[in-house]
Amino acid sequence: MPIWEPEPGETMLARVQVVFATGAATAVKGMRWFRDTERRDIQDRLPGWPAGPEFVARGKSAKGVRGVGGVLGRIGYVAVMIVLTAAGGLGPGPGTLGRPDEPENEVDDFPVLWGDPDSVAATLPWQMDLGRRPRGYRTHLIVTDSRLVVVGFTTSDTIDDEVLWEIDRARVAKVETRDFSAIPLRVKDLAGNQCDLRIDFTDGSWCRVASNYREDLAPYLVGSPELVPLSELTEGQRQRVDRFSENYDLMGDPVVLRLDNGNFRMAGRGAVEVSDFSGMFAPSDLMDSQGSSPGR
């Protein structure tokens, strides 16, 4: 199929390159696992998945990885983190990455898919795994007002999208950023820090993905953003949106989001070709309830 387009009446919000995340801490650097709720590796039980790399966390047996959470607990993890930080043992740029949000899933283990084989997370496509996908293949996550879609394609002069996965937004429970994260430098044109998102589904399963363009996804997924009809904007906001539209060559009207902090984010779909690297060009700007820049 050609470049993926939304259905009539569906609003396209974002499209960026995305992959399963990669561990950043020393013990799991460059690694990832696909776990069930008992922390067992289920990659061989995922339907249709080809064989991929099998990792063992540095300095720990698989049994040790499963048991360390119960032995040390969260307090123990904090103590370990202090020692590792002092010794520079957290992988690339610990000062930049900060401390992990979930030590049990970021320091001694690094699951990027968590759920039983029949869970929502287990339906995600194997092509998102850097250790499995063919050379020259890319995956993009598309966010609309009604669903999430993953498409894949082989890089060439033109993009020929293949729909690999999709889900209604109603089945997404929450999305959170994970700043203790990095894409390995060896991954062509994807290297970067503070790039991960954790997506939780309503059945309790979740996945962890990475993107250089996380900031283009997060406003539409993290927290409780609300799409605001243009007809409900204040006069000042409407004038600001009109000026925004005049500054960019947009495909259709811009969208306006009411953010959790009370500000508003306006964004539009740029009338340029989708990039196989960066995805959809989507200029954006912020305004307050009167249409002024926040803080002015």
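Restricting 120, 143 to those that are within 24 Å of residue 274 (Cβ to Cβ), of a type in the set (Val, Ile, Thr) and surrounded by 14 or more Cβ atoms within 10 Å (Cβ to Cβ) reduces the list to 143.
Tallying residues that are outside any strand (DSSP E or B), under 21 Å from residue 30 (Cα atoms) and among the hydroxyl-bearing types (Ser, Thr, Tyr) within the range 129-148 yields 0. Kindly establish whether residue 276 is surrounded by 13 or more Cβ atoms within 10 Å (Cβ to Cβ), of a type in the set (Asp, Glu), modelled with pLDDT under 95 and outside the structural domain of residue 136 (by TED's automatic domain parsing). For residue 276, the condition - surrounded by 13 or more Cβ atoms within 10 Å (Cβ to Cβ), of a type in the set (Asp, Glu), modelled with pLDDT under 95 and outside the structural domain of residue 136 (by TED's automatic domain parsing) - is met. For the range 213-248, a tally of residues being free of Cβ contacts under 8 Å to residues at least 40 places away in the same chain, small (Gly, Ala, Ser) and assigned to a helix (DSSP H, G or I) returns 2. Beta carbons closer than 9 Å, at least 6 apart along the sequence or on distinct chains, pair a first residue in the range 49-65 that is closer than 14 Å to residue 22 by Cα and loosely packed, with under 14 Cβ neighbours inside 10 Å with a second that is polar (S, T, N, Q) and at pLDDT 55 or above for 54/43. Given the condition hydroxyl-bearing (Ser, Thr, Tyr), closer than 24 Å to residue 282 by Cα and surrounded by fewer than 22 Cβ atoms within 10 Å (Cβ to Cβ), answer yes or no: does some residue in the range 177-191 qualify? Checked against the condition, which is being hydroxyl-bearing (Ser, Thr, Tyr), closer than 24 Å to residue 282 by Cα and surrounded by fewer than 22 Cβ atoms within 10 Å (Cβ to Cβ), the range 177-191 yields at least one hit. Is one or more of the residues making up the range 173-187 modelled with pLDDT of 90 or more and under 17 Å from residue 291 (Cβ atoms)? Within the range 173-187, none of the residues are modelled with pLDDT of 90 or more and under 17 Å from residue 291 (Cβ atoms).
Quickly run through the range 4-43 and pick out the residues that are more than 25 Å from residue 107 (Cβ to Cβ) and over 21 Å from the mean Cα position of the chain (by Cα). Outline the logic, then answer.
Of all residues in the range 4-43, those more than 25 Å from residue 107 (Cβ to Cβ) come to 4-17.
Once the filter is applied, which keeps residues that are more than 25 Å from residue 107 (Cβ to Cβ) and over 21 Å from the mean Cα position of the chain (by Cα), the range 4-43 yields 7, 8, 9, 10.
Every residue in the range 229-247 that is at pLDDT below 95 and either among the small types (Gly, Ala, Ser) or in contact with a Gly (Cβ under 6 Å, 6 or more places away or on another chain) (or both), please. Within the range 229-247, 245 is the sole residue that qualifies.
Look at residue 256 and say whether it is surrounded by 14 or more Cβ atoms within 10 Å (Cβ to Cβ) and not assigned by TED's automatic domain parsing to the domain that holds residue 18. Don't jump to the end; show me each part of the working.
Working: surrounded by 14 or more Cβ atoms within 10 Å (Cβ to Cβ): yes; not assigned by TED's automatic domain parsing to the domain that holds residue 18: yes.
When the stated conditions are applied, residue 256 passes them.
The values are calculated or read from the model by the stated rules, or taken from the named source; none is laboratory data. Computed from a predicted model, the values in this text were never measured in an experiment. Every residue, glycine among them, receives a Cβ derived from its backbone with ideal geometry; neighbour counts consider all protein chains shown.
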